[in-house]
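Quick notes on the structure that follows.
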Amino acid sequence: MPQKLVRRRYGCQPVLIQHGPVPLTRRHAYSEGTEPSGDHLMSHGPSTTTPTCTTRRREPSYTAALLWVTRQCTTHLQTRENVFNCLMLMPLFLVPGLLYYWFAMRRFPDFSRKRAAQRLHLFEEGLVVHPPSGGDPVALRWDSLRLQQEITQLVINGVPAPTKYVYSAGAPGHGSVRITEFYEDPDIWGPRMQDAVVRAQGPAVLETLREGGTVPFGALSLSRTAVSAPGKGSLPWPKVREVRAAGGLVRIMTTDSSGDPVRWSHNHAKDITNLHLFLAVAHSLHKQSAA
C-alpha cells in the first residue's frame, strides 16, 4: 500500500508583543565568551540535534553489497586467490560508503566545528547572522528589513515530521540571507524577529497611511481606504469581512449579495513581506472602518 503524503503549511498568527529580553535556558543561547547585555537580546547557535527519520528505511544498496562482500571474505579465505579478490573488492564498496557518510555528517554541527561556530544574533536595532554555508556575516536593521517566512511540516501516514523553518531576510543595499532551523529554537527567534519589525517599522507605516499613501507588503498592499492585490484590484475596508492567516495562507474575506462569507483573495504566507506587521496594520484599519 503506497504511503500517503500530506503537506501542511502553518501561517503565524499575530503574536503578543513583549518588550525586553526573553530568558533562554537551552545551550548555545549566547556566543562563547559573550555575556548578555541590554542591547544584546538573543544569540542562537546551530541546533546540535541530528534529525531522525520517522519511518524505517531500507539499507542503502552499497551497505548491503558491503555486507555481502564481508561475508564472502570471511567464508572463503582459504585460498590466496580469494584473499586477493576480497582485497580488490573491498575498496569499491567501502570507500564510497565512507565518503558518503563523511560528507553527509559534515552538514550537522555535531560533526563540523566550522558549522557549529555559526551564530544568529538579535540586537535592539537589528540582527547579525553567520550563514551556515560560510562567508561573511550579514547585518540587517529592523527598520529596513524585508522578512518573509515559510513554516511547513510533512505528515507521513499520520506521523508528523520535524517542522521546517525558512526565513528570507533582506534589505535594500545590504544583501539578503536565508535563516532556517539550523539555528536552535526557531519557534523563539522567528516571532522575535517579526515582533522587532513591527516595533521598528510600525510608526512609519501608520504615518504613510495617515498621509494617504499605500504601503506594499509583497503580494498585497494596504491603504487607509482599501486593500489591493494584483489581478484583483482593490477592496474597500467596509466590504472586508475578515483578514485571516491560517494553514500557511493569508485570506481576505468579503460577503456576497446574500451576506454569506466569500473569499476575495488568498496568498501564501511566504509571499507576504513582514507578515506580522501586515496583519497588525490590516486588523487596525478593518477595525477603524467598522467603528
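The values are calculated or read from the model by the stated rules, or taken from the named source; none is laboratory data. Quick caveat, the model's predicted, so the values are computed rather than measured. Note: ideal-geometry Cβ built from the backbone for every residue, glycine included; neighbour counts use all protein chains shown.
Which of the residues spanning region 253-291 are part of a strand (DSSP E or B), surrounded by fewer than 22 Cβ atoms within 10 Å (Cβ to Cβ) and in contact with a Phe, Trp or Tyr (Cβ under 6 Å, 6 or more places away or on another chain)?
Kept after step one, since they are part of a strand (DSSP E or B), are these residues of region 253-291: 253-255, 261-268, 272.
Imposing the further condition that a residue be surrounded by fewer than 22 Cβ atoms within 10 Å (Cβ to Cβ) reduces the set to 253-255, 261-268.
If the condition is that a residue be part of a strand (DSSP E or B), surrounded by fewer than 22 Cβ atoms within 10 Å (Cβ to Cβ) and in contact with a Phe, Trp or Tyr (Cβ under 6 Å, 6 or more places away or on another chain), then Thr254 is the only one that fits.
Would region 219-242 turn up any residue that is within 15 Å of Arg146 (Cβ to Cβ) and hydrophobic (A, V, I, L, M, F, W, C)?
From region 219-242, those within 15 Å of Arg146 (Cβ to Cβ) are 219-221; that's our starting set.
Checking which are hydrophobic (A, V, I, L, M, F, W, C) leaves us with 219-220.
Yes, region 219-242 contains a residue that is within 15 Å of Arg146 (Cβ to Cβ) and hydrophobic (A, V, I, L, M, F, W, C).
Taking the condition of being under 30 Å from Phe123 (Cα atoms) and touching a strand residue (DSSP E or B) at 6+ places or on another chain (Cβ under 9 Å), how many residues in region 207-242 meet it? Walk me through it before giving the result.
Within region 207-242, the subset under 30 Å from Phe123 (Cα atoms) is 207-210, 214-222.
With the extra rule that they be touching a strand residue (DSSP E or B) at 6+ places or on another chain (Cβ under 9 Å), the set shrinks to 208-209, 214-222.
So the answer is 11.
I need the full set of residues from region 202-217 which are in a helix (DSSP H, G or I) and of a type in the set (Gly, Ala, Ser), in order please. Write out each step before concluding.
From region 202-217, those in a helix (DSSP H, G or I) are 202-210; that's our starting set.
Within region 202-217, Gly202, Ala204 meet the criteria.
Which number in (1) closer than 14 Å to Asn274 by Cα; (2) touching a Pro at 6+ places or on another chain (Cβ under 7 Å) marks the one condition that Glu150 misses?
Of everything listed in (1) closer than 14 Å to Asn274 by Cα; (2) touching a Pro at 6+ places or on another chain (Cβ under 7 Å), Glu150 misses just condition (2).
Val198 is checked against (1) within 23 Å of Leu140 (Cβ to Cβ); (2) of a type outside the set (S, T, N, Q); (3) in contact with a strand residue (DSSP E or B) (Cβ under 9 Å, 6 or more places away or on another chain) and fails just one. What number does that condition carry?
Among (1) within 23 Å of Leu140 (Cβ to Cβ); (2) of a type outside the set (S, T, N, Q); (3) in contact with a strand residue (DSSP E or B) (Cβ under 9 Å, 6 or more places away or on another chain), Val198 violates only (3).
Name the one entry in Ser144, Ser133, Ser168 that is within 17 Å of Val197 (Cα to Cα), over 12 Å from the mean Cα position of the chain (by Cα) and among the polar types (S, T, N, Q).
Details: Ser133 fails: within 17 Å of Val197 (Cα to Cα); Ser168 fails: over 12 Å from the mean Cα position of the chain (by Cα).
Checking each option against the conditions leaves just Ser144.
(1) at pLDDT below 90; (2) closer than 15 Å to Gly218 by Cβ: which one isn't true of Ser265, the others all being true?
Looking at each condition in turn, Ser265 falls short on (1).
Among the residues in region 216-238, are any modelled with pLDDT of 95 or more, exposed (fewer than 15 other Cβ atoms within 10 Å of the Cβ), within 29 Å of Ala139 (Cβ to Cβ) and not charged (D, E, K, R)?
Yes, because at least one residue in region 216-238 is modelled with pLDDT of 95 or more, exposed (fewer than 15 other Cβ atoms within 10 Å of the Cβ), within 29 Å of Ala139 (Cβ to Cβ) and not charged (D, E, K, R).
Of Asp260, Asp256, which residue is touching a strand residue (DSSP E or B) at 6+ places or on another chain (Cβ under 6 Å), over 29 Å from Trp142 (Cα atoms) and at pLDDT below 95?
On the way: Asp260 fails: touching a strand residue (DSSP E or B) at 6+ places or on another chain (Cβ under 6 Å).
When all the criteria are applied, what remains is Asp256.
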